[in-house]
Structures are given as C-alpha cells and as structure tokens.
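Let me begin by presenting the structure, written as structure tokens, before commenting on it.
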Amino acid sequence: MLGPVILAASRSEQLRRIVSAAPVTKPVVTRFIAGETSEETLPVVKDLADRGLEVTLDVLGEDVTDPAEALRARDAYLGLVEALRPLGLGTRAEMSIKLSSFGQALPGGHDLALKNATAVVEAAAEIGTTVTLDMEDHTTVDSTLAIHAELRRRFPETGAVVQSYLFRTEDDCRDLAAAGSRVRLVKGAYKEPASVAHQDKHQVDLAYVRCLNILMAGTGYPMIGSHDPRLIAVTQELALRHGRALDAYEFQMLYGIRTEEQHRLAAEGHRMRVYTAYGTDWYGYFMRRLAERPANLAFFLRSLVTK
Ligand code: FAD
C-alpha cells in the first residue's frame, strides 16, 4: 500500500526540497548513492572492479526542464568518460543514462535526447565501453526504444531496458531478442496505471519469467536486473536449458542492495554488474528505492527521530 504513495511523492517538487535539505537524510541516502561527484565515486568503482564485480554508472538526474540543463547532463557524462579513461576498465565500467535528463520530454525532445545520447555513446565507444538506456515511465517507452534502435545502427552494443510490469513488454522482448540486443530486464519502478501495467506483484513476477524466457531463447545478451532470489534461480535454470554459458548473460543489482549476494554470484563465476548511481540530484532515485521496500522507509523515518 505504501509503495504507490511514496512513488507519487517522488514526483513532488515541494517534498523534493524538504527531504533534500534535511541534514538527517544524508546518512540514509549514502546507502544507495556512491558519492556526490565522480572523484568520490571512482574509488568505489575501482574497489568493486578489484573484487571481480562490473559496474554501470548513473549520473543522477531526470526530468530536466530546459535544453541548457540537458546539455549539462550530457556534459556530466562526457566528464565521467574522461574520468574513466585512465582506469582502462573497458566494458567492466559502462554507463546508464536516463533520456529524460537529456531533454526527452521537452518540445522537440526526442531529437534532442538522441543528439545528446549520441555524443555520450560515441565518447563511451572511444574508451571501449558501452551505454544502456534506462527505461522511465510508460509514456517514454516508444521514444526510448526508437532512440535505442537508432543508436544501435552505429553502436550495436547499446543496451535497452524493459519492464515486466508493462503489458507490452513481452512483444518488446521478442523484437529485441531477435535483433540481438543487450537487454536489461527489470520489474519496473514507476507508478503506472492499470490500463498499461500489471498492478499485482505476482503477475509482475510471472510476466518477468515469460520475458526472461524469451530473452534467454533469443540471440541477444540478457541482463537480469533484479534482487529477487527466485528470479535469480529461474535465470540459472533457463541458462542451462538454453545452453547459455556464464558469459552469455549477466546479473545486475543496485549499489547498496543485497551486497553479499552480489559477491556470492561473482564468486560462482557469474558476471555481476552493480548499478552505481552518484550525484547531487538523488531525490527521485532515492524515493523509488524507498517505495520498493517499506523496511527502507522505516529505516529512514527512524533516523529522523533518533537524530
Ligand atoms: P523485489 O520483489 O522488489 O525485491 C526482491 C528482494 O530484493 C526483496 O525482498 C529485498 O530483499 C530486495 N530488495 C529489492 N529492492 C530493494 C530495496 N530498494 N532496498 C532493499 N532491498 C531491496 N526500473 C525501471 O523502471 N527502469 C530502469 O531502467 C531500471 N533499472 C534498474 C537497473 C538495475 C541494475 C536494477 C537492479 C533495477 C533497476 N530498476 C529499474 C528497478 C526495478 O524495476 C525494480 O524496481 C527493483 O529492482 C526492485 O525489484 P526486484 O526485481 O529487485 O524485486
């Protein structure tokens, strides 16, 4: 019941200001956010890489309101590429971008987001790494998948994300699997209406397994973005059934969530990529993490009263 309320709050400008300014918020936020700057975050990346984990880096930001802000978001990623260059990690450190931070929702935003994303994908390719386009709310899916298809003409390794809660996603998986894409499958983190998305968690999980089966049977590279132990077990079974070697798919989890499980899977020889978000604009990302697990909210509220 609490999840949808928190998700609605994640879009409130007033709450954003209050929560972001509260000094007690910071220690809770740092559980999920690796740092505020790339200087603070790169040692975390190096440490994860040294311990056999891979990363995808997200410079926090979404829903920009003017083209200049979108350019600043693009430049933050170009700065990240330069910071990653000397580490020489190649695809072990890739990047995830939200097209809403590149201007997708502005007038003419599809083309603007494509242009900004192209600059980042080109720079990433220069240092031997890749980019995955995060998926946001359902109104953006057609535009995001079209931008993904366009980017793949020159950079076929560009990744897409699909959300099992959306009714359309099985069809999208069929298209992407046949096209040989890198595809991250997640349950979905936004508040979506019943006209487009399963509302029942169990239905979302069943849809996840159907989508996973399509991706595993296809010619692409599935990226399993989930912390759910049952889905991790199903992935391992499907990999066996479809004859996929350990390097023909990967697990992905969020920084700060089920860390021990991340290390366990890597130690078993799996490719394990940690989605590592950093930056100052953490409100929307943080609120979605609270919505996923009421226990996180309790932890957050407790920290407010015990300070
Ligand atoms: P759940 O059923 O939510 O959780 C299973 C178990 O994992 C829980 O019982 C708990 O033990 C643990 N867990 C899960 N979430 C939390 C948490 N917040 N705090 C503490 N423990 C937790 N969503 C999008 O809509 N678009 C994206 O582009 C996107 N990219 C993602 C990238 C990655 C690498 C991952 C892992 C998730 C991404 N998500 C994205 C979020 C995703 O849609 C889910 O909201 C989120 O992963 C929770 O679902 P779950 O599969 O982990 O299963």
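The values are calculated or read from the model by the stated rules, or taken from the named source; none is laboratory data. Only a predicted model underlies this, so the values are computations on that prediction, with no experimental measurement involved. Using ideal geometry, Cβ is built from the backbone for each residue, glycine included, and neighbour counts are taken over all protein chains shown.
Within region 269-297, the set of residues being in contact with a helix residue (DSSP H, G or I) (Cβ under 8 Å, 6 or more places away or on another chain) and over 23 Å from P4 (Cα atoms) comprises G269, H270, R271, M272, V274, T276, Y278, G279. Selection of strands (runs of 3 or more DSSP E) fully inside region 55-171 by the criterion of at least 2 residues being out of contact with any Gly (no Cβ under 9 Å at 6 or more places or on another chain) returns 93-97, 159-163. Against the criterion of being crowded, with 18+ Cβ neighbours inside 10 Å and away from the ligand (no atom under 14 Å from the Cβ), E157 qualifies.
Taken over region 269-291, residues that are in a helix (DSSP H, G or I) and out of contact with any strand residue (DSSP E or B) (no Cβ under 9 Å at 6 or more places or on another chain) amount to 6. Taking the criterion of being part of a loop (DSSP other than H, G, I, E, B), closer than 15 Å to D172 by Cβ and away from the ligand (no atom under 15 Å from the Cβ), the residues of region 186-242 that qualify are G218, G220. Taking every residue in region 186-203 that is among the polar types (S, T, N, Q) and at pLDDT 95 or above and pairing it with any residue that is in a loop (DSSP other than H, G, I, E, B) and within 13 Å of the ligand (Cβ to nearest atom), at least 6 positions away or on another chain, the pairs with Cβ-Cβ distances below 9 Å are Q199/Y165; Q199/E192; Q203/Y165.
One residue stands out in region 230-272 among those that are crowded, with 19+ Cβ neighbours inside 10 Å and of a type in the set (S, T, N, Q): the one that is nearest to the chain's Cα centre (by Cα), namely Q252. Condition first: under 30 Å from T30 (Cα atoms), away from the ligand (no atom under 14 Å from the Cβ), in contact with a helix residue (DSSP H, G or I) (Cβ under 9 Å, 6 or more places away or on another chain) and not in a strand (DSSP E or B). Can you find one or more residues in region 260-268 that meet it? Scanning region 260-268, I find at least one residue that is under 30 Å from T30 (Cα atoms), away from the ligand (no atom under 14 Å from the Cβ), in contact with a helix residue (DSSP H, G or I) (Cβ under 9 Å, 6 or more places away or on another chain) and not in a strand (DSSP E or B), so the answer is yes.
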